[in-house]
Amino acid sequence: MKKTSVRLMTRVSQGAFMVALAALGAGCASVTGHHEPLAQVALSDVRLPEASAQARANWPKNGWWRQYRDEQLNALIEQAFADSPNLEVLASRVESAKVTADGVKKLSYPSGGIRLAPTEQTYSENYIYPASLWDGWKDSGLVSAAISWDLDLWGRHRMQYRAALGQAAAAELEYEAARQAIAANIVGLHGQLSALDVRLGLLDAQIKLQNTNKQRWTERERAGLQPVQTSIQVDGVIAQLEQLRGTFMAQRDISTAQLAALMGKTPAQMPRISAPSRWTALNLPNELPANILGARPDIAAAQHYIVAATENVKAVRTEFYPNINLNVSAGFQAIGLDKLFKAGSSFQTVEPAITLPIFSGAGLNAKLRSQQAALDSAVAQYNQTVYQAVADAGQQLANYRNSSVQITQQQRLLANTERLAGLVQSRYTQGISAQMDSLISQVNLLSAKDALVADYAVRRAQEAKLAVSLGTGFDGVWQQQSNK
């Protein structure tokens, strides 16, 4: 048995050597045409400055929304990460890409199996079989083990595996981008619902004050102290406030439905979103540096698609060279099952097989051009993603700056309105001014507070959009670039 194994290994080595000689002496299919791939956008092309120390310190980190210190908001986002239907779809794509990569990896492994074939048959008298087999049915048997191995001399499977890994990495980054987008949407909707809770209370207070104001003007009109006019105007204001209340209620229902959809729930399952104790702001960069190209997951995903497409092009190029497979089998075969495992029934087979793509040039060139076109498409998509990301971040930064200005000035306006309301109330208490003046000043004060709460909600939504636009991978990227 040991001699048989030695002879088998010798045959394998001889066969592999012969096939290698044949491959070296054989012609290959020729590549027709020249392809110049598209150029990728570089840091120098976007013409953005390097990040300052302050920008690096304020760059959004993973879990940036926790800076708001709102436990309800944190719970909503974590629940969305666990149950969001959108994320479930992307998670299945990630898993599918990983399984595909694992399958491609195993292409380089030897494959084989064991075959068991008991047979009963009659034999022809007019063929190669001896007369002893002509009479009636005869049984025979085959037991064999076979292994087939693609030697992958040119690394095609390794390139295909790297391409599959690139696809899987891109899918994971797209999943992360979707997580960040969902978190930003939840922050914005939560802020809007929190503001609506406050604004509805302020609006109800305004309606109450306007009804009191209407009553006082009606009393004066009935007493003949002035013409019937002001009470009608105040009633029109009350009608507008009631309309606004209906709008707020509708906005609350719509925002609740949108929030529920992000979390994979129905609006009836959502908790009531109440007003925050204070409107905390995020610390975010007030500039747009070039390092954003490495911080956003969508840009990183587009880069991995280029890597995958590049490896696919390389893999197709290897198909222009001879392909070598080594097939080895051994076992027992006999006519008559009683002789199957006796001496002399064993066999071994060594079959080196070479495939020469001499006459496949047209098809291979078409396949290569298809993969080259896919590479160009991946590069074009990357370039588009970069410029869209820079434009988006620039817009969000401008809106973020504007929201900060609006809040600063509205706080100033509110402070002045509070001072005026206090002065009017003091004059009314002293009997110097009429009650209607005091009621009007209180209405103005409530209106200023409402505007400030609305600005807070806008700023919160804008902060979330800017955080996502900047990306959260900045720290690692900055360290990598600093080490270059």
> Of the numbered conditions (1) closer than 20 Å to GLY201 by Cβ; (2) at pLDDT 95 or above, LEU446 satisfies every one except a single condition; which is it?
Replying inline: (2)
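Taking the condition more than 21 Å from SER30 (Cα to Cα) and among the basic types (Lys, Arg), does LYS314 pass? Outline the logic, then answer.
On the way: more than 21 Å from SER30 (Cα to Cα): no; among the basic types (Lys, Arg): yes.
It is false that LYS314 is more than 21 Å from SER30 (Cα to Cα) and among the basic types (Lys, Arg).
Residue by residue, here is whether (1) open to solvent by less than 60 Å² (accessible area, probe 1.4 Å); (2) assigned to a loop (DSSP other than H, G, I, E, B); (3) within 30 Å of ALA467 (Cα to Cα); (4) not acidic (Asp, Glu) holds:
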residue: ARG278; (1), (2), (3), (4): no, yes, yes, yes
residue: PRO285; (1), (2), (3), (4): yes, yes, yes, yes
residue: ALA301; (1), (2), (3), (4): yes, no, yes, yes
residue: ILE306; (1), (2), (3), (4): yes, no, yes, yes
residue: VAL313; (1), (2), (3), (4): yes, no, no, yes
residue: PHE341; (1), (2), (3), (4): no, yes, no, yes
residue: ILE358; (1), (2), (3), (4): no, no, no, yes
>> Looking only at the stretch 288-299, filter to residues that are modelled with pLDDT under 85 and open to solvent by 10 Å² or more (accessible area, probe 1.4 Å); which one of those is farthest from TYR387 (Cα to Cα)?
In response: GLY294
> Which numbered condition trips up VAL458, out of (1) open to solvent by less than 40 Å² (accessible area, probe 1.4 Å); (2) modelled with pLDDT of 95 or more?
Replying inline: (1)
> Of (1) surrounded by fewer than 18 Cβ atoms within 10 Å (Cβ to Cβ); (2) of a type outside the set (A, V, I, L, M); (3) touching a helix residue (DSSP H, G or I) at 6+ places or on another chain (Cβ under 9 Å); (4) assigned to a helix (DSSP H, G or I), TYR400 satisfies all except one. Which?
Replying inline: (1)
> If you go through the stretch 345-390, how many residues are without any contact (Cβ under 8 Å) to a residue 40 or more places away in the chain, in contact with a strand residue (DSSP E or B) (Cβ under 8 Å, 6 or more places away or on another chain) and more than 30 Å from ILE335 (Cβ to Cβ)?
Replying inline: 1
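Could you look through the stretch 262-274, keep only residues that are assigned to a loop (DSSP other than H, G, I, E, B) and open to solvent by 40 Å² or more (accessible area, probe 1.4 Å), and pick out the one that is nearest to ASN86 (Cα to Cα)? Don't jump to the end; show me each part of the working.
First, pick out the residues of the stretch 262-274 that are assigned to a loop (DSSP other than H, G, I, E, B): 264-266, 270-274.
In the following step, the residues that additionally are open to solvent by 40 Å² or more (accessible area, probe 1.4 Å) were identified as 264-266, 271-272, 274.
Values: GLY264: 9, LYS265: 12, THR266: 15, PRO271: 21, ARG272: 23, SER274: 26 Å.
It comes out as GLY264.
Within the stretch 442-449, is there a residue that is in a helix (DSSP H, G or I), of a type in the set (Lys, Arg), within 30 Å of GLN233 (Cβ to Cβ) and open to solvent by less than 80 Å² (accessible area, probe 1.4 Å)? Spell out how you get there, then give the answer.
Keep residues of the stretch 442-449 that are in a helix (DSSP H, G or I), which gives 442-449.
In the following step, the residues that additionally are of a type in the set (Lys, Arg) were identified as 449.
Subset that is within 30 Å of GLN233 (Cβ to Cβ): 449.
Going one step further and asking which of them are open to solvent by less than 80 Å² (accessible area, probe 1.4 Å), we end up with 449.
Yes, the conditions are met somewhere in the stretch 442-449.
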> So, in the stretch 127-161, of the ones that are more than 24 Å from LYS314 (Cβ to Cβ) and assigned to a helix (DSSP H, G or I), which residue ends up least open to solvent (accessible area, probe 1.4 Å)?
Replying inline: LEU133
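Scanning for something in contact (Cβ under 8 Å) with a residue 40 or more places away in the chain and surrounded by fewer than 16 Cβ atoms within 10 Å (Cβ to Cβ), does the stretch 227-240 turn up at least one residue?
Our first condition is that a residue be in contact (Cβ under 8 Å) with a residue 40 or more places away in the chain; within the stretch 227-240, this holds for none.
Looking for residues that are in contact (Cβ under 8 Å) with a residue 40 or more places away in the chain and surrounded by fewer than 16 Cβ atoms within 10 Å (Cβ to Cβ), one finds none in the stretch 227-240, hence no.
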> Applying the selection to the stretch 82-126, what residues are open to solvent by less than 80 Å² (accessible area, probe 1.4 Å), more than 30 Å from TRP149 (Cα to Cα) and without any contact (Cβ under 8 Å) to a residue 24 or more places away in the chain?
Replying inline: ALA82, VAL89, SER92, GLN121, THR122, TYR123, SER124
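Could you please find all residues in the stretch 190-217 being β-branched (Val, Ile, Thr) and within 50 Å of the chain's Cα centre (by Cα)? So that I can check it myself, show each step before the final result.
From the stretch 190-217, those β-branched (Val, Ile, Thr) are 198, 207, 212; that's our starting set.
Passing the criteria: VAL198, ILE207.
How many residues does the stretch 107-126 contain that are assigned to a loop (DSSP other than H, G, I, E, B) and among the small types (Gly, Ala, Ser)? Walk me through how you get there before you give the answer.
The first filter runs over the stretch 107-126 and keeps only residues assigned to a loop (DSSP other than H, G, I, E, B), leaving 109-110, 117-118, 122-126.
Okay, now just the ones that are also among the small types (Gly, Ala, Ser), so 117, 124.
Of the residues in that region, 2 qualify.
The values are calculated or read from the model by the stated rules, or taken from the named source; none is laboratory data. Everything quoted here is computed from the prediction, not taken from an experiment. Cβ coordinates were reconstructed from backbone atoms using ideal geometry, including for glycine residues, and neighbour counts include every protein chain displayed. All accessible areas refer to the heavy atoms of the entire protein, side chains included, with ligands and DNA or RNA removed. Shrake-Rupley method; radii C 1.70, N 1.55, O 1.52, S 1.80 Å.
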